[in-house]
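Student: The structure follows.
Since every read-out is calculated from the coordinates, none of them should be taken as a lab result. Since this is a predicted model, take the numbers as computed values, not measurements. Backbone-built Cβ (ideal geometry, glycine too); neighbour counts: all protein chains shown.
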Amino acid sequence: MPNRMPPKSKRLILKTAAATLVLAGLAAAAAGAIVLRAGWYDTTATSQHLQPVHTLLELGMRYSVRNHASEVRVPPLGAPRQVLRGAAVYAAHCAQCHGGPGSAQAKIAQSMQPLPGPLVDAGAHWQPRELYWITKHGIKMSGMPAWQFHLSDADLWSVVAFMGVLPTLSARDYAQATGVANAAGTPASAPTTAGAAQ
Ligand code: HEC
């Protein structure tokens, strides 16, 4: 189809469209600044983020973890001893916030926002190297601690290995795994099982 519109009016349409876009952008930025400065955004832990904010943060976290964890070299995972060690680490450091099969999170974790969820399906969302990265470095402004200051690298990988088997554990398996592991961690209370987990 031949274009019969004179070049002058075409230019005018383009200019008007560009100006409208710029003005709309400025108006949105100004509105955001007003909401922020007036203190209208709710930052309490008794209400969730607005959906668009939540989506933005969630997406940002996902891309960030994927990007930063891409270079992580994964050691062999899943040896029974390593998994049992991971169960001990999990029971001691993670279960209070994330709970476990048949085991609720601690009361204090229920008052957090974002609420730390169960990690049973974490292996479905994240690669092992990403689970390692999250556990090691934590998640900013969420209450997920950085465990690199508290756990050795071997323990970090052991808990990653444990998260890998978590979906296969019944409440009984979980209680047994963490029970044996805990007993092994405190040999004074159960000297007979201590050898099994070492
Ligand atoms: C003080 C509470 C707390 C403790 C203890 C804790 N976490 Fe978290 N964890 C969180 C919070 C809060 C989040 C973020 C939840 C969200 O963004 O929805 C999180 C998120 C995660 C995630 C990402 C989950 C997902 O699917 O996006 C993983 C994996 C994780 N934690 C692993 C661990 C491991 C492993 C440990 C123990 C070594 C641990 N956490 C201990 C509070 C905790």
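Student: For the chain, find the longest principal axis of its Cα atoms and tell me its angle to the long axis of helix 153-165, 0 to 90°, nearest 10.
Tutor: Result, in degrees: 80.
Student: Sum -39500 (n - 2.57) across every DSSP H segment of at least 4 residues in the chain, then divide by the residue count to get the 222 nm mean residue ellipticity, nearest 500.
Tutor: Details: 10 runs with 120 residues, N = 198.
Helices in the chain give a 222 nm mean residue ellipticity of -19000 deg cm²/dmol.
Student: Can you compute the radius of gyration and Dmax for the chain, using only the Cα atoms, both in Å?
Tutor: Just the Cα atoms of the chain yield Rg and Dmax of 25.1, 92 Å.
Student: Using the 2.2 N^0.38 Å rule of thumb for compact globular proteins, work out how region 9-126 stacks up: its C-alpha Rg over that value, please. List each step's numbers first, then the result.
Tutor: Working: Rg = 22.9 Å, N = 118, 2.2 N^0.38 = 13.5 Å.
Taking N as the residue count of region 9-126, the ratio is 1.70.
Student: So, one more: Size of the dipole of the chain about the Cα centre, Lys and Arg at +1 and Asp and Glu at -1 on the beta carbon, nothing else charged, in debye to 20?
Tutor: Working: 16 positive and 8 negative charges, 237 e Å.
Dipole size: approximately 1140 debye.
Student: Relative to 2.2 N^0.38 Å, what does the C-alpha radius of gyration of region 76-178 come to as a ratio? Two decimals please. It would help to have the intermediate numbers written out before the result.
Tutor: Details: Rg = 12.6 Å, N = 103, 2.2 N^0.38 = 12.8 Å.
Normalised by 2.2 N^0.38 Å, the Cα Rg of region 76-178 equals 0.99.
Student: Suppose R0 equals 22 Å. What FRET efficiency, 1/(1 + (r/R0)^6) with r the Cβ-Cβ distance, do Thr20 and Val53 give to the nearest 0.05? Don't skip to the end; give the middle numbers.
Tutor: Values: r = 26 Å, r/R0 = 1.19.
The pair Thr20/Val53 has a calculated efficiency of 0.25.
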